[in-house]
Amino acid sequence: MRRLQPDKIYNLAAQSFVGASWGQPHLTGSVTGLGATDMVEAVREECSQAHFCQASPSEMYGLVQHPVQSKKTPFYPRSPCAVAQMYAHWMTVKYRESFGLVSGWVAA
């Protein structure tokens, strides 16, 4: 980040296979959740004007509680990969609010 000073950063790294996340919950949390935290921290420290986008899957919504989903639908993660994505999502939100980072998320 320091050397390249990117304008835009997209974090697409995550455990995306639900079955594997149950077999490796710690690895899933480390890569998906803490990995995103490492990314936003690096952005904050080295290129705080860059736009950071955290990709998030529909898995975060988990158990469908309403026939039509929207951004107002409550999250209900049901697997380690979904929980780790929730952590990544909320850390991105908190970094945006706490440090003024230019960030967003996109449902994958």
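Some points to look at:
- A single entry from 73, 32, 37, 92 fulfils the requirement of being surrounded by 14 or more Cβ atoms within 10 Å (Cβ to Cβ) and in a loop (DSSP other than H, G, I, E, B): 73.
- Residue in the range 32-42 that is of a type in the set (Gly, Ala, Ser), touching a His at 6+ places or on another chain (Cβ under 6 Å) and within 11 Å of residue 88 (Cβ to Cβ) present: no
- The set of residues from the range 25-37 being closer than 9 Å to residue 80 by Cα and touching a residue at least 12 places away in the same chain (Cβ under 8 Å) comprises 25, 28, 29.
- Residue check for residue 68: part of a loop (DSSP other than H, G, I, E, B), surrounded by fewer than 17 Cβ atoms within 10 Å (Cβ to Cβ) and among the aliphatic types (A, V, I, L, M): yes
- Pairs, first within 12 Å of residue 89 (Cα to Cα) and modelled with pLDDT under 85 in the range 55-71, second basic (Lys, Arg) and in a loop (DSSP other than H, G, I, E, B), C-beta under 9 Å, six or more apart: none
- A single entry from 2, 44 fulfils the requirement of being touching a helix residue (DSSP H, G or I) at 6+ places or on another chain (Cβ under 8 Å), in a helix (DSSP H, G or I), among the basic types (Lys, Arg) and on the phi < 0 side of the Ramachandran plot: 44.
The values are calculated or read from the model by the stated rules, or taken from the named source; none is laboratory data. Note that the structure is predicted; figures quoted are calculated from it, not measured. Every residue, glycine as well, gets a Cβ built from its backbone with ideal geometry; the counts of neighbours run over all protein chains shown.
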